[in-house]
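*Asks:* Quick one: structure below, then a few questions.
The values are calculated or read from the model by the stated rules, or taken from the named source; none is laboratory data. Fair warning: this is a prediction, and the values are worked out from it, not measured in the lab. Every residue, glycine among them, receives a Cβ derived from its backbone with ideal geometry; neighbour counts consider all protein chains shown. Protein only, heavy atoms only, side chains kept; ligands, DNA and RNA dropped before computing areas. Shrake-Rupley method; radii C 1.70, N 1.55, O 1.52, S 1.80 Å.
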Amino acid sequence: MNNKITSHGTDVPSTNKTKRIAIYGKGGIGKSTIVSNIAAAYSQDHNVLVIGCDPKADTTRTLYGNRLPTVLNVLKEKRQATVDDVVFEGYNQVMCVESGGPEPGVGCAGRGVIVAMNLLEKLEVFSEDLDVIIYDVLGDVVCGGFAVPLREDFADEVYIVTSGEYMALYAANNICKGIKKLKGNLGGIICNCKGIENEEEIVRQFAQQVESKVIGVIPRSELVQKSEIEAKTVLEKFPESKQAEFYRKLADDVFHNEEFTVPHPMDIEEFEEFFRGFH
Ligand code: ADP
Ligand code: MG
């Protein structure tokens with residue numbers, strides 16, 4: 001059992017099994033924004049570790065207030081890295097790690113994930129008193145490295161972020177194929193709205209098609225950019241806003257989710273037909 005003193009000064013008990021979540025989705029769809037904001041929400045009552053697995057290495061920027069050195073870069077300088085070299089404390093004591101990736105055009109994009117996970121295991125970071133671990137994983141690249149959080153049993157549940165756009169859903173469907181292959185647990189689809197027509201409905205029907213559900217809907221909001229400029233989460237910069245409330249509700253719904261499925265991805269013809277149905 002692990003108790004964290006919250007900012008309100010009360011002890012909130014939490015379960016002793018670490019909740020290990022992986023958030024997948026197309027590049028630019030809003031994964032890092034969602035991961036950092038739900039991490040900020042969990043940090044009120046829980047010990048949280050966020051692991052950015054995207055070569056962009058910007059998952060934790062709004063939690064830490066700046067870009068972090070990545071595991072790959074640290075290891076280039078130093079063979080014997082310590083916990084303090086790669087794990088950084090951000091907003092409300094959220095622990096932050098960025099795996100990093102190779103220079104563009106050189107090597108395998110997913111290698112950083114493999115290297116980071118091996119190092120974190122060696123440094124026994126996972127045996128810390130953690131309540132929640134969140135992995136932020138790029139999903140539009142078909143690469144073994146990005147499958148690591150699932151394949152190697154680092155994460156127990158997966159959520160996919162998508163909008164109602166063709167490419168985002170296409171990537172989401174591909175991610176479903178990966179999850180199915182790895183016999184992963186899909187906890188739901190998160191709709192991060194781009195503001196297109198019938199967006200929620202499209203995403204709901206997509207979720208139904210792949211035999212999952214929409215677990216949260218995040219509207220588009222300029223508060224996201226306003227917070228991002230200051231390298232803060234919406235929860236930190238605009239804690240009283242409606243947008244912050246949407247992230248808190250998502251965090252809560254993910255935390256209490258008990259419905260998981262092995263998804264049924266569409267084949268390419270089914271996907272085309274599905275998408276045409278809305279236009
Ligand atoms: P990813 O991690 O999937 O690559 P990001 O979280 O970095 O995507 O988001 C990409 C861009 O979209 C960012 O500039 C972010 O500010 C913006 N964004 C994400 N979610 C929203 C939202 N709900 N409303 C407005 N802008 C958003
Ligand atoms: Mg990102």
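*Asks:* Under 6 Å between Cβ atoms, which residue pairs at least 6 apart in sequence (or on different chains) link something in region 32-46 that is among the β-branched types (V, I, T) and within 16 Å of ligand 2 (Cβ to nearest atom) with a partner that is modelled with pLDDT of 95 or more and open to solvent by 10 Å² or more (accessible area, probe 1.4 Å)?
*Replies:* What qualifies is T33/V224.
Residue-by-condition table, conditions (1) small (G, A, S); (2) crowded, with 18+ Cβ neighbours inside 10 Å; (3) in contact (Cβ under 8 Å) with a residue 40 or more places away in the chain:
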residue	(1), (2), (3)
G112	yes, yes, yes
L130	no, no, yes
D140	no, yes, yes
F146	no, yes, yes
R151	no, no, no
A155	yes, yes, yes
V158	no, yes, yes
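*Asks:* Which of the residues belonging to region 128-167 are within 13 Å of ligand 1 (Cβ to nearest atom) and out of contact with any helix residue (DSSP H, G or I) (no Cβ under 9 Å at 6 or more places or on another chain)?
*Replies:* If the condition is that a residue be within 13 Å of ligand 1 (Cβ to nearest atom) and out of contact with any helix residue (DSSP H, G or I) (no Cβ under 9 Å at 6 or more places or on another chain), then V141, M167 are the ones that fit.
*Asks:* Residue by residue through region 253-279, note down the ones that are under 22 Å from V48 (Cα atoms) and open to solvent by 80 Å² or more (accessible area, probe 1.4 Å).
*Replies:* H256, E258
*Asks:* Residues A251, A244, A207: which one is free of Cβ contacts under 8 Å to residues at least 24 places away in the same chain and either in a helix (DSSP H, G or I) or within 18 Å of N173 (Cβ to Cβ) (or both)?
*Replies:* Residue meeting the stated conditions: A207.
*Asks:* Another question about this same structure. Can you name the residue in region 47-59 that is buried (at least 24 other Cβ atoms within 10 Å of the Cβ) and modelled with pLDDT of 95 or more and is also nearest to A231 (Cα to Cα) among such residues?
*Replies:* Here the answer is T59.
*Asks:* Return the total of residues in region 27-46 being within 11 Å of ligand 1 (Cβ to nearest atom) and open to solvent by 20 Å² or more (accessible area, probe 1.4 Å).
*Replies:* Residues meeting the conditions: 4.
*Asks:* Give the residues of region 66-89 that are of a type outside the set (A, V, I, L, M), more than 16 Å from ligand 1 (Cβ to nearest atom) and either under 30 Å from A244 (Cα atoms) or in contact with a His (Cβ under 8 Å, 6 or more places away or on another chain) (or both), sorted by residue number.
*Replies:* Within region 66-89, P69, F88, E89 meet the criteria.
*Asks:* Could you check, for region 201-217, whether at least one of its residues is modelled with pLDDT of 95 or more, in contact with a Gly (Cβ under 8 Å, 6 or more places away or on another chain), open to solvent by less than 80 Å² (accessible area, probe 1.4 Å) and closer than 30 Å to R67 by Cβ?
*Replies:* yes
*Asks:* Okay, next question. Applying the selection to region 176-200, what residues are closer than 20 Å to G144 by Cα, open to solvent by 10 Å² or more (accessible area, probe 1.4 Å) and part of a helix (DSSP H, G or I)?
*Replies:* K177, G178, K180, K181
*Asks:* While we're here: Considering only region 179-209, state which residues are more than 16 Å from the chain's Cα centre (by Cα) and farther than 21 Å from Q243 by Cα.
*Replies:* K180, K181, L182, K183, I202, Q205, F206, A207, Q208, Q209
*Asks:* Okay, next question. Working only within region 236-252, note down all residues that are of a type outside the set (A, V, I, L, M) and crowded, with 17+ Cβ neighbours inside 10 Å.
*Replies:* E236, K237, F238, Q243, F246, Y247, R248
*Asks:* Something else: Any residue that is polar (S, T, N, Q), at pLDDT 95 or above and crowded, with 23+ Cβ neighbours inside 10 Å - is there at least one of those in region 60-81?
*Replies:* Yes, the conditions are met somewhere in region 60-81.
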